[in-house]
Amino acid sequence: MRILVVDDEVRINRHVFSALTEAGHEPVAVHDGETAIGMAEETAFDLILLDVGLPGMSGFDVLKVLRKRHISSRVLMLTARGEVTDRVTGLELGADDYLAKPFAMQELIARVRALSRRFAEEPAVELKLADLTLNLVDHIVRRGPNQLELSARELTLLRVLMREPGRTFTRTELCERVWEREHEYDTKLVEVFVGRLRKKLGDPQLIHTVRHVGYTMREPV
């Protein structure tokens, strides 16, 4: 894949660049947000590795601009270890995955490989499942001809489920992806929000319970 690496730590950037090259990818390295945006506008990158802690313009700011300008490259956010808030914020802004620093290069390559499998086709600006659509730019959700009104939390939950239809998410995993702080959530809260989302999406049901495990989203039978 053609990959843009955005990190102001030169040593990390150099190591990531080498690891990606050895894995057969085509990386380009930059060290600040403004340069990254310019590069992303000029070149269709398959993936952008984006550090949250950039100087001046943060990784979050860069991601906002990319999505606002309809640049749909996949984005893997690099965050500080243990910062759940960073991970959730990145996902809410349209990132596809996150990796906490410090990380092993083997794990980075594995995440990149997984993203290439999950999104083998051109990255979409709109997610679609049956007659349900979610626009990742303006956050408009429609079921058939009807536009649905979702809260920010419901929207994030829906986006996580729709990105990987058919995959079963555990309640704990959904907690970590949708809520910022551990004291704000428990698995019972996930059940409540899934129930609300199901009600708003209407019939036929698209969110299904996998007994003793969690939830998955798939087309109705």
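The values are calculated or read from the model by the stated rules, or taken from the named source; none is laboratory data. In this text, all values refer to a predicted model and were calculated from it rather than measured experimentally. Here Cβ is always computed from backbone atoms with ideal geometry, including for glycine, and neighbour counts include all displayed protein chains. Heads up: the accessible areas ignore ligands, DNA and RNA and are worked out on the full protein's heavy atoms, side chains in. Shrake-Rupley method; radii C 1.70, N 1.55, O 1.52, S 1.80 Å.
Applying the criterion of at least 1 residues that are open to solvent by 50 Å² or more (accessible area, probe 1.4 Å), of a type outside the set (G, A, S) and over 15 Å from M77 (Cβ atoms) to the strands (runs of 3 or more DSSP E) found wholly in the stretch 1-60 leaves 2-6, 26-30.
Just to be sure I understand, how many residues within the stretch 65-77 are assigned to a helix (DSSP H, G or I) and either in contact with a Leu (Cβ under 6 Å, 6 or more places away or on another chain) or among the hydroxyl-bearing types (S, T, Y) (or both)? Lay out the reasoning, then the answer.
Our first condition is that a residue be assigned to a helix (DSSP H, G or I); within the stretch 65-77, this holds for 65-68.
Next, only the ones that are either in contact with a Leu (Cβ under 6 Å, 6 or more places away or on another chain) or among the hydroxyl-bearing types (S, T, Y) (or both) stay: none.
Within the stretch 65-77, residues that are assigned to a helix (DSSP H, G or I) and either in contact with a Leu (Cβ under 6 Å, 6 or more places away or on another chain) or among the hydroxyl-bearing types (S, T, Y) (or both) number 0.
Taking the stretch 102-221 and the helices (runs of 4 or more DSSP H) fully enclosed by it, the elements with 2 or more residues that are more than 30 Å from H15 (Cα to Cα) and modelled with pLDDT under 90 are at 152-163, 171-178, 187-201. Based on what the data block shows, is V88 assigned to a helix (DSSP H, G or I) and open to solvent by less than 10 Å² (accessible area, probe 1.4 Å)? It is true that V88 is assigned to a helix (DSSP H, G or I) and open to solvent by less than 10 Å² (accessible area, probe 1.4 Å). Please tell me if T79 is over 29 Å from L54 (Cα atoms) and of a type in the set (V, I, T). No.
Criterion applied to E9, E22 was being among the acidic types (D, E), in contact with a strand residue (DSSP E or B) (Cβ under 9 Å, 6 or more places away or on another chain), within 23 Å of M105 (Cα to Cα) and modelled with pLDDT under 90, and the one residue passing it is E9.
The residues on offer are A104, A114, A152, A130, and the sole one that is exposed (fewer than 14 other Cβ atoms within 10 Å of the Cβ) and touching a residue at least 60 places away in the same chain (Cβ under 8 Å) is A152.
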